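Notes to accompany the following structure.
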Amino acid sequence: MNKRYRKTIIAGNWKMNMLSSEVKPFIEQLKENMTKSKTCDVVLCTPAVMIPAMVKAGKELKIAAGGQDVSKFEKGAYTGEISAAQLLDAGAKYCIVGHSERRQYHGEDDMLINAKAKVLLEKGICPIICVGESLEQREMDLTMEYVAYQVKAALNGIDASQVRRCVIAYEPIWAIGTGKTATAEQAEEVCEGIRAVIRRIYGARVARTVSILYGGSMNAKNAAELLAQPDIDGGLIGGASLKPADFATIVKATAEE
Ligand code: PGA
């Protein structure tokens, strides 16, 4: 329903894995398993130092390079940080913000994530904004309330023309890297809820254009069923994005929607 209004996106999240020298061999292996996708945009979010290598190696398959985090500051004395301008300079088209690992290990809060999304938009980089509940929150039946809050906070002050360039990734924390995937029904329920939040703020015409991804142990086996859901417009994939054959299978699963 209405999927034609938005992009399907398969984004890999390499986290702190791989080396620049491994980018080209990875793409070569990917080429053995897939051709340039006509059904989705393919993105690989690598550690920032590998972005130029990804831009170069990914051209033929039309794979876009993405970052995994950005500083909320524009430039200056912020040792260890990377700015949106620097990501753009390296060739990034997308950048993840608010991943649960950043929230958990680096104390990132919703206000900071909102600021990061804004600096990316200013530079024309699409933010992939991650939201998702913990197992405790799910068990206490707080999932939708919490995720709705995260989405509203992340989009605070972002206008309708800019929100169309934002991607939301629903990643239940209990499903990340655990091998426990949300069922297609659970994932769809929350993704549909996220779209309803966007609809309430920006209206139906905007809400139907925003791509909402599912992430959390998405793999070659379960991708097709998840991607077939009406409000799931793609995936944010960790573990399986490190395996070329599996990642290619997930990309190809978008053709079956
Ligand atoms: P996973 O990671 O696919 O390994 O669960 C997803 C993510 O953290 O984005």
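Please arrange Y214, Y5 by counting, for each residue, the other beta carbons lying within 10 Å of its beta carbon, fewest first.
Numbers: Y214 32, Y5 15.
If I rank by nearby Cβ atoms, fewest first, I get Y5, Y214.
With a bin width of 5 angstrom, please list the P(r) values of the stretch 9-253 as percents of all Cα-Cα pairs, from the 0 bin to the one holding the largest distance.
1, 7, 15, 20, 21, 18, 12, 6, 2, 0
Would you mind ranking S21, S100, S241, S83 so that the residue whose beta carbon has the fewest other beta carbons within 10 Å leads the list?
Details: S21 9, S100 21, S241 27, S83 18.
So the residues, fewest neighbours to most, are S21, S83, S100, S241.
Give the lysines whose C-alpha is closer than 28 Å to that of K75, dropping any in the same chain fewer than 8 places away, or say none.
K15, K56, K93, K116, K118, K123, K152
Read the figures in this text as sums done on the coordinates, not as results from a lab. What you are looking at is a predicted structure, and each value in this text was computed from that prediction instead of being measured. Heads up, the Cβs are rebuilt from the backbone with ideal geometry, glycines too, and the neighbour counts pull from every protein chain shown.
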